[in-house]
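Structure, as structure tokens:
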Amino acid sequence: MERSPLKDSSALLRGEFIVIQTTTNDENVASLISNILLEKRLAACIQKYEIESLYRWKSKIEKDREIILNIKTKASLFKEIEKIIKENHNYEVPEIIALPIVNASSDYLKWLKEELS
């Protein structure tokens with residue numbers, strides 16, 4: 001009987017990995033945060049791309065071009081990454097949220113573990 005890929009990779013996860021998301025309107029800030037996290041091996045991969053954000057800030061509706069960072073890491077590293085983001089961010093209240101990786105290929109999970117060791 002063939003094993004389900006879902007069962008194989010889920011067995012490896014158990015809430016271990018997350019994607020932390022943050023945004024900034026400054027390319028230098030995005031690069032600085034990315035480089036620090038990668039050099040300290042707190043992130044295995046960071047995807048960076050431009051977006052347009054609409055949001056409420058101080059009772060006004062705002063619209064900005066921003067850079068979003070999707071940071072692949074271990075859940076156990078969230079607090080340390082949050083601290084680095086806050087120390088290096090240009091926003092008064094930066095977005096710092098964690099999304100669980102609920103399923104992934106076995107090879108990708110193996111790579112994540114190796115890069116975050």
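What follows draws every value from the coordinates through simple rules; no lab data is involved. Just so it is clear, the structure is predicted and the values come from calculations on it, not from any experiment. Cβ placement follows ideal geometry from the backbone for every residue including glycine, while neighbour counts extend to all protein chains displayed.
In straight-distance terms, cross-link reach from LYS74 covers every one of the aspartates and glutamates whose alpha-carbon lies under 17 Å from its own, apart from those fewer than eight places away in the same chain; here that gives GLU16, GLU39, GLU82, ASP107, GLU114, GLU115.
Here the relative contact order of the chain, from alpha carbon pairs under 8 Å that lie six or more residues apart, stands at 42 percent. Considering only GLU87, GLU95, GLU16, give the residue with the highest GNM mean-square fluctuation for the chain, with springs between Cα atoms whenever their separation is below 10 Å. Fluctuation is largest for GLU87.
Which of the pairs LYS48/LYS83; LYS40/LYS60; LYS79/LYS110; LYS40/LYS63; LYS48/LYS110 have their Cα atoms more than 29 Å apart in this structure?
On the way: LYS48/LYS83 19 Å; LYS40/LYS60 38 Å; LYS79/LYS110 23 Å; LYS40/LYS63 33 Å; LYS48/LYS110 23 Å.
In this structure, LYS40/LYS60; LYS40/LYS63 lie more than 29 Å apart at Cα.
Working from label points 7 Å from Cα in the Cα-to-Cβ sense, the GLN47 to ASN25 distance is 2.5 nm.
Charge dipole (Cα centre; +1 on Lys/Arg Cβ, -1 on Asp/Glu Cβ; no other charges) of the chain amounts to roughly 360 debye.
Restriction of the trypsin sites (Lys or Arg not before Pro) in the stretch 12-67 to DSSP coil positions whose beta-carbon has at most 11 other beta-carbons within 10 angstrom yields ARG14, LYS58.
Pick the calculated Cα Rg over 2.2 N^0.38 Å for this structure from (1) 1.95; (2) 1.13; (3) 1.20? So the structure-derived entry is (3).
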